Amino acid sequence: MKPTRITNAIRALRFANNEMTQAELAERVGVTRQTIIAIEQGKYSPSLEVAFLIARALGVRLDDVFQYPDSSDGDEERT
Amino acid sequence: MTLTEKRAWCLLLATLGAYTWYVVTVLSRVSGGAVQETPYATTLLVSLGASVAVNIGAEIVLSILNPRGARRKDERDRTIDRLGDQVGQAFVIIGGVAALLMALAQWHWFWIANVIYLGFALSAVLSCIAKIIMNHAAIPNP
């Protein structure tokens, strides 16, 4: 079950960053390795603060790490 | 396995062990008469006390074995704790309301004490199961 439509490129970005391990990323962000694993697998949506910390640790912008599909992809725009 | 999950396993096993011991002990004393005449109060208190003591002991052992992990508790752990506790709270309320209704109906205190204890045990068990599941499955978004 994936509770969110948010996707992420953490795995690819980790490998682009000298093959950074999940443990290293977790250490830099200040969360547990299990949390990084859950975020990577789309099983957990992090807070905005942790999302920014992940982007900073990976040296990219927030929307390079996390993506949200356009409303035209099947979901009606909410008002 | 995260520290949250280890703690949940410890509390789950301590609660199940203590409650099972209590039920088996009390039922073994039931003779031909009414069940509510069976001595249960000391056994219940020992069972509750043992459950709490074992859980505290397990927490101390976990902290000694994993001092760094014991300090770290991130936002996901806190979310799992909160959602798991919400699952368990329902059974404390159900047990309390049931005990209130039984008292109003003047049931024997044996049944009132036991329904409260059952509510506590169910609350702890289901809360722990929810936490263990959420450690492996997806966590629902608020």
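Taking the conditions (1) free of Cβ contacts under 8 Å to residues at least 24 places away in the same chain; (2) closer than 19 Å to B:Phe120 by Cα; (3) away from every other protein chain (no Cβ under 14 Å) in turn, B:Gly57 satisfies each one other than (2). If you take the residues in the stretch B:18-44 that are of a type outside the set (Val, Ile, Thr), open to solvent by 40 Å² or more (accessible area, probe 1.4 Å) and not in a loop (DSSP other than H, G, I, E, B), which one is nearest to B:Ile112 (Cα to Cα)? The qualifying residue nearest to B:Ile112 (Cα to Cα) is B:Gln36. Condition check for B:Ala121 on (1) over 21 Å from B:Thr15 (Cβ atoms); (2) away from chain A (no Cβ under 14 Å); (3) among the aliphatic types (A, V, I, L, M): one failure, at (1). Can you find, within the stretch A:1-47, the residue that is least open to solvent (accessible area, probe 1.4 Å) among those that are of a type outside the set (Val, Ile, Thr), within 12 Å of chain B (Cβ to nearest Cβ) and over 16 Å from B:Lys73 (Cα atoms)? Per the stated criteria, the residue is A:Gly42.
For the stretch B:65-88, enumerate the residues that are modelled with pLDDT under 85 and part of a helix (DSSP H, G or I).
Kept after step one, since they are modelled with pLDDT under 85, are these residues of the stretch B:65-88: B:65-73.
Listed by number, the residues that qualify are B:Leu65, B:Pro67, B:Arg68, B:Gly69, B:Ala70, B:Arg71.
Of all residues in the stretch B:73-81, at least one satisfies being over 14 Å from the mean Cα position of the chain (by Cα), polar (S, T, N, Q) and within 21 Å of B:Ala130 (Cβ to Cβ).
The values are calculated or read from the model by the stated rules, or taken from the named source; none is laboratory data. Keep in mind the model is a prediction, meaning the values are calculated, not measured. Because the Cβ atoms are built from the backbone with ideal geometry, glycine has one as well, and the counts that use them run over all protein chains shown. Accessible surface is based on the protein model in full, side chains and every heavy atom, while ligands, DNA and RNA are left aside. Shrake-Rupley method; radii C 1.70, N 1.55, O 1.52, S 1.80 Å.
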